[in-house]
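The values are calculated or read from the model by the stated rules, or taken from the named source; none is laboratory data. Quantities reported herein were computed from a predicted structural model and do not represent experimental measurements. All Cβ positions, even for glycine, are placed from backbone atoms using ideal geometry, and neighbour counts span all protein chains on display.
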Amino acid sequence: MQAQFPLIPEQASNFAPTVDLLMLFIVAICVFFAVAITFAVIYFFFKYERKHQTEIGVPIHGDMLLETAWIAVPLVLAMAMFAWGAVVYVDYRHSPGDTLDIYVVGKQWMWKVQQPNGLKEINEVHLPVGRDVRLIMASEDVIHDFSVPAFRVKMDVVPGHYNTMWFRPTKAGRYRLYCSQYCGTNHAIMTGWVTVMEQGDYAAWLSGAAGAEANPLVAGQKLFAARACITCHFSDGKGRAPSLNGVYDHQVLLADGKTVTADDAYIRESILQPNAKIVAGYQPLMPSFQGQLTEEQIIALTSYIKSLQNEPPPPTGAGTAPASGKK
Amino acid sequence: MHRTGELYGQFETLEQQKESAALGMWVFLATEVLFFGGLFMTYTLNRHYYGTAFGVGSNTLDLKLGGLNTVILILSSLTMAMSVWASHVGKRKATTGFLVATLILGTAFLGVKVIEYKQKFDHHLIPGYHFQIDYRAQHPSPNDDPKEIEAEKEELSKAFAKDPDLNAHAQLYFSLYFGMTGLHALHMIVGAGMLLWLIRQSMLGRFTPTYNTPVEMIGLYWHFVDIVWIYLFPLLYLIDRHQ
Amino acid sequence: MDTPTSTRSATATVYKIPEEHYLNSTYGIRSWLLTTDHKRIALLYLFSVTFFFFVGGIFATMIRIHLMTPQGFLVTPETYNKLFTMHGVAMIFFFLIPSIPAVLGNFLVPLMIGAKDLAFPKINLLSWYIYLIGGSFVLYSFATGGLDTGWTFYTPLSSIYSNSAVTPAVLGIFINGFSSILTGLNFVVTIHTMRAPGMTWFRLPLFVWAQYATSIIFILGTPVIAITLLLVGLERMFHLGFFNPALGGDPILFQHLFWFYSHPAVYIMILPAMGVISEIIPTFARKPIFGYSFIAGSSIAIAVIGFFVWAHHMFLTGESVYAALAFSFLSYLVAIPSAVKVFNWTSTLYKGSISWDTPMLYALGFIGLFLIGGLTGLFLACLGLDIHIHDTYFVVAHFHYIMVGGAVMGYLGGIHFWWPKISGRLYPEFLARVSAIILFTGFNLTFFPQFILGYLGMPRRYHSYPPEFQVLNVMSTAGASILALGYLLPMIYLVWSLKYGVVAGPNPWPATGLEWKTDSPPLTENFLVTPEVTWEAYDFETRPDLELDHIVAGKLPAPAHGDD
């Protein structure tokens, strides 16, 4: 019956069973009240049908107890629905630690996807079963929305900043991907497929198919030299700029005394608006690369800098906050 | 057609008519607060993000002219309040006189705004294709004080170092400058129109101690427009002026 | 009321249309186009909003026909995108928002409070002209390239990328906003200062409370959408940067400013309909409303809390998690007053003396459909669920249940209820009941499948869709054809009744409001003598003037049990 006339999509992620259960909970509450009110209305309608022309109803003006009851009970139920939904959402908005990071760029009217080893896909995402996946997404033009109903997840893709979302695929298969924020003429055909494979198959696919072409690490490393980043960001920390070893995802101490986590957004901001946050002990010397790098190039550089996160930071010129550690 | 001062058909008493007019004007002013509010919200956010550019933009505004306009408007609120008082005590000539004074002051305000807007036009500070925040610094006119130009050049180079996108962000500032002062000026023009009507009615002797509702209501409107300027002036003119 | 225009017989009173009333007191097109009579202005609005209802309805018909096949066969993608945008703009800004306030509110508020007119009759007329001007700009936009941004005008699509006639459209909606603001201002002042002696706040009909609450939203919310759309227009014309990330702007700022109005706007659309239901149910149950002060208070509560929930439209934009939590919480809070109303309406039926007249059928239909629409709001307010159903057909179904199943049913119920007062005549009862049932059935068939479509993942605003969604889409279109019939029938028989309907007399139901103490149709000045109110609202007990045994020829006979 589900196959013939489905009422819900397949459950293919860690969120799907919870979301469906939450849905059923709310359905139960709604059905209860809908049936109760409908029954009451129909029952009263027949029981109190006017019997003769001059009949009037019994003037009952109200009842404080009833009013209190039907404010308090819905309020409690509402809070329950809110709380459960909030728990799921807070979990959803905080990506876990060790995720497989996939970069997604939305543009009119296609999805450009980049796997961790640089492999590019268009309107397709291949993923391994059972691993936490984080999508880091930006838009090149208008607002889009990356939506996979089988996973019960979606997130807007906004020009001007990154949005991230995470989930863990739990079942191999092929699932529909939609754009879920109206974005112009071909919004309806900005769709694709998410293919979830067993972990071994995924690894094979990743290295096999068109292997390491346009590997962002390599591209990023090349850019790092070509754009002269290397002339200041010495890895031994003795340059005019902090070493980037061990920086990614660690705390950075700023000149104004604040500390900040060097995540993707921080790296992007440092490239485009270097004077927004100055690392303690350094001068505001870095030029801005606004308008000189595409989103993909920024992603490549970020990949490269990320690859340095396990390199040992130099004793001085580390660019990280003293009591450093993963966030 | 009803002549001013008579009881309109839908009301029972003059008292009710006056109460309705007053409540109506206050409710209308509430809508105006929300109307300007959207712009103030946009201003707040953008100033938070782009403080440097807002400082630079603010410094291009002529503080003397802005200050003068502030004084003019406050004075005009005084003359408006005086005309309301005069109408309360039945002094017809004084009512008319104070209304005329208010109108003259309001027109002076608008005249100063025209001068300011022209300055912005000359310095390529109107948002659009020709917007260039450092146009004046690059192309000073013979009348410009060289020391001022030097100071501006230095300020700009510091600002550009902090914010490479200074031009774009300064354009945001000026969009808000023209948007907010333009909307305000539009309200002043409408106010001036209403003052003209009031002056005519006052000259015809329509306002008495028992009936001066239009003077009071338009007075309320005028005071509101004045208060909006009191907020606009520091927010637009007085950023980063402490040096 | 005891005019010489009736003769009483043993079983029925036959009434005649009064000699002079607001429709015939003056003649000529100028007397209508320059009228300051709130009742004539209400009728001017009735024609205009009905026109826009047709415009929006035609677009909806084309959408549903197009969606019968997965590839969409009727129109191109560009045209489809314009169809749903223009359907939204026409229906929301030019039909739903003005409908009950500008038609029924304008007609009834002065009558209900015992006044001769609104506080500012000329401003009332000005409101209508402003509405027409705004509407003209929007129609111009439709005719010269159309509009394809969605009625929500999200940036940067609307401010930069769209090639459609955005600027005239936003100008038109901007102008139309002032029509709303002035109407709201008029109502607030009128209700405060022009109540007849004895008409205290808590004796007011609940319809008036509903209009008051709606007017608060008109006044405080509309100016914000005005300035927001103005900014979009300016951004398009002068390439400013407020919503353009390349120039330092923020597209999400637009969404905050837009929804700050547009969420309270949905309460503008439903509160008046709730006010209508609060009038109909006591009348046809012949007893006071249960929990008067709670219904009055809940209207105000909805208006106020409704201003604090806007970002529940933005849960997935990347907004702060704390903000999302706050807005979800508040969105649940705003559901409570609506629930209170439904419980109170239901309780009013208890021990009532209920008759099945058409307005009552509309009220019942409203309760059923609003129940489903409102309850499905609980799904959307739920953060964890919204991740899945945001921007899907679930949302489309939800808001159509409320706006069409709720607001339009309330509007039509009100039109039927007050038709005798407006026109002096009764509509044909049997046909009207049949139409109400057709509407209810067609509506459910059209929109219930869309809840399922939404949970299955079908996104909104899609001109083509995967084939597995076709069955539900075809069901929805089939329902829409029935719905269309349900709308066409009243238009036909209401016009028919103007000439051939039974003359109603002052109070055919009878109902207890002050408006029913005037002739049908009323005089231009409503009351020759200002009434003095000494009775509570919906008081059937102590009103000897009510003709409870009024049997009007043409009504269905009373049920044949009991005495009489």
Kindly indicate the residue of region C:120-161 that is within 23 Å of the chain's Cα centre (by Cα) and of a type in the set (S, T, Y) and also farthest from the other protein chains (Cβ to nearest Cβ) among those meeting that condition. C:S136
Scan region C:371-384 and tell me whether some residue there is at the interface with chain A (Cβ under 9 Å from one of its Cβ atoms), touching a residue at least 12 places away in the same chain (Cβ under 8 Å) and closer than 30 Å to C:Y45 by Cβ. yes
Step by step: first the residues of region A:130-142, then only those that are of a type outside the set (A, V, I, L, M, F, W, C) and not in a loop (DSSP other than H, G, I, E, B), then the one that is nearest to the other protein chains (Cβ to nearest Cβ). Which residue is that? A:S139
Unique residue being in contact (Cβ under 8 Å) with a residue 24 or more places away in the chain, among the aliphatic types (A, V, I, L, M) and closer than 30 Å to C:A196 by Cβ when the list is C:A511, C:A484: C:A511
Checked against (1) touching a Leu at 6+ places or on another chain (Cβ under 7 Å); (2) over 24 Å from A:R168 (Cα atoms); (3) at pLDDT 90 or above, A:V196 satisfies every condition except (2)
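Residue by residue, here is whether (1) farther than 26 Å from A:P96 by Cα; (2) surrounded by fewer than 16 Cβ atoms within 10 Å (Cβ to Cβ) holds:
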| position | (1), (2) |
| --- | --- |
| A:P159 | no, no |
| A:M165 | no, no |
| A:N215 | no, no |
| A:A219 | yes, no |
| A:K222 | yes, yes |
| A:A228 | yes, yes |
Within region C:392-401, restricting to residues that are crowded, with 24+ Cβ neighbours inside 10 Å and in contact (Cβ under 8 Å) with a residue 60 or more places away in the chain, the one that is nearest to C:F315 (Cα to Cα) is C:T392
So in region C:162-181, with the set limited to residues that are in contact (Cβ under 8 Å) with a residue 40 or more places away in the chain and within 14 Å of chain A (Cβ to nearest Cβ), which one is surrounded by the fewest Cβ atoms within 10 Å (Cβ to Cβ)? C:S164
Restricting the search to region C:69-90, which residues are of a type outside the set (G, A, S), over 16 Å from A:N186 (Cα atoms) and surrounded by 24 or more Cβ atoms within 10 Å (Cβ to Cβ)? C:M86, C:V89
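One line per residue, one yes/no per condition, for (1) of a type outside the set (G, A, S); (2) within 9 Å of another protein chain (Cβ to nearest Cβ):
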position	(1), (2)
B:L7	yes, no
B:T13	yes, no
B:F35	yes, yes
B:Y49	yes, yes
B:G55	no, no
B:L61	yes, no
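May I ask you to say which residue of C:I367, C:I387, C:I336 is touching a strand residue (DSSP E or B) at 6+ places or on another chain (Cβ under 7 Å), within 11 Å of another protein chain (Cβ to nearest Cβ), part of a helix (DSSP H, G or I) and not aromatic (F, W, Y)?
Every option except C:I387 fails the conditions.
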Region C:442-476: number of residues that are charged (D, E, K, R) and away from every other protein chain (no Cβ under 14 Å): 0
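With respect to A:F25, is the statement that it is more than 30 Å from C:H550 (Cβ to Cβ) and more than 8 Å from chain C (Cβ to nearest Cβ) true? Steps first, answer last, please.
Details: more than 30 Å from C:H550 (Cβ to Cβ): yes; more than 8 Å from chain C (Cβ to nearest Cβ): yes.
Answer is yes for this residue.
Among the residues of region C:56-114, count how many are in a loop (DSSP other than H, G, I, E, B) and under 24 Å from C:I41 (Cβ atoms).
Filtering region C:56-114 for residues in a loop (DSSP other than H, G, I, E, B) gives C:67-76, C:114.
Applying the additional criterion that residues be under 24 Å from C:I41 (Cβ atoms) yields C:114.
Residues meeting the conditions: 1.
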Name every residue in region A:76-129 that is within 14 Å of chain C (Cβ to nearest Cβ), outside any strand (DSSP E or B) and within 14 Å of the chain's Cα centre (by Cα), in order of residue number. A:V88, A:Y89, A:V90, A:D91, A:Y92, A:R93, A:H94, A:S95
A careful count of residues in region A:143-186 that are in a loop (DSSP other than H, G, I, E, B), more than 24 Å from A:A300 (Cβ to Cβ) and at the interface with chain C (Cβ under 9 Å from one of its Cβ atoms) gives 9
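Does region C:406-422 contain at least one residue that is within 14 Å of chain A (Cβ to nearest Cβ) and on the phi < 0 side of the Ramachandran plot? Steps first, answer last, please.
So the first thing to find is which residues in region C:406-422 are within 14 Å of chain A (Cβ to nearest Cβ), and the list is none.
Within region C:406-422, none of the residues are within 14 Å of chain A (Cβ to nearest Cβ) and on the phi < 0 side of the Ramachandran plot.
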Can you tell me which of C:G318, C:G249 is within 11 Å of chain A (Cβ to nearest Cβ), buried (at least 23 other Cβ atoms within 10 Å of the Cβ) and in a loop (DSSP other than H, G, I, E, B)? C:G249
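Within region B:76-169, which helices (runs of 4 or more DSSP H) (wholly inside it) include 2 or more residues that are surrounded by fewer than 14 Cβ atoms within 10 Å (Cβ to Cβ)? Break it down into steps so the answer makes sense when it comes.
Numbers: elements: B:92-122, B:135-138, B:146-162.
Fully inside region B:76-169 and qualifying: B:92-122, B:146-162.
If you check C:L439, C:L431, C:L488, which single one turns out to be within 30 Å of C:S48 (Cβ to Cβ), crowded, with 24+ Cβ neighbours inside 10 Å and more than 14 Å from chain A (Cβ to nearest Cβ)? Can you show your working first?
Numbers: C:L431 fails: crowded, with 24+ Cβ neighbours inside 10 Å; C:L488 fails: crowded, with 24+ Cβ neighbours inside 10 Å.
Just a single option satisfies the conditions, and that option is C:L439.
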Would you be able to say whether some residue in region C:25-33 is surrounded by 16 or more Cβ atoms within 10 Å (Cβ to Cβ), away from chain A (no Cβ under 14 Å) and not β-branched (V, I, T)? no
Can you name every residue in region C:220-246 that is assigned to a loop (DSSP other than H, G, I, E, B) and at pLDDT below 90? C:H239, C:L240, C:G241
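So for region C:340-353 (the condition being among the charged types (D, E, K, R), more than 8 Å from chain A (Cβ to nearest Cβ) and part of a helix (DSSP H, G or I)), does at least one residue qualify?
Applying the first criterion (among the charged types (D, E, K, R)) to region C:340-353 yields C:341, C:351.
Add one more test, that the residue is more than 8 Å from chain A (Cβ to nearest Cβ), and what stays is C:341.
From the residues that got through so far, the ones that are part of a helix (DSSP H, G or I) too are C:341.
Yes, some residue in region C:340-353 is among the charged types (D, E, K, R), more than 8 Å from chain A (Cβ to nearest Cβ) and part of a helix (DSSP H, G or I).
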Considering only region A:296-308, I want to know if a residue exists there that is out of contact with any strand residue (DSSP E or B) (no Cβ under 7 Å at 6 or more places or on another chain), over 18 Å from A:P216 (Cβ atoms) and small (G, A, S). no
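Scan region C:282-301 and give yes if some residue there is within 30 Å of A:H94 (Cα to Cα) and either away from chain A (no Cβ under 11 Å) or crowded, with 24+ Cβ neighbours inside 10 Å (or both), otherwise no.
No, the conditions are met nowhere in region C:282-301.
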For a quick check of your reading of the model, give me the residue pairs whose first member lies in region A:215-244 and is in a loop (DSSP other than H, G, I, E, B) and modelled with pLDDT of 85 or more, whose second is buried (at least 18 other Cβ atoms within 10 Å of the Cβ) and among the β-branched types (V, I, T), with beta-carbon atoms closer than 7 Å and at least 6 apart or on different chains. A:P242/A:V279; A:L244/A:I305
Which condition number in (1) modelled with pLDDT under 95; (2) out of contact with any helix residue (DSSP H, G or I) (no Cβ under 9 Å at 6 or more places or on another chain); (3) more than 7 Å from chain C (Cβ to nearest Cβ) is the one that A:A72 fails? (1)
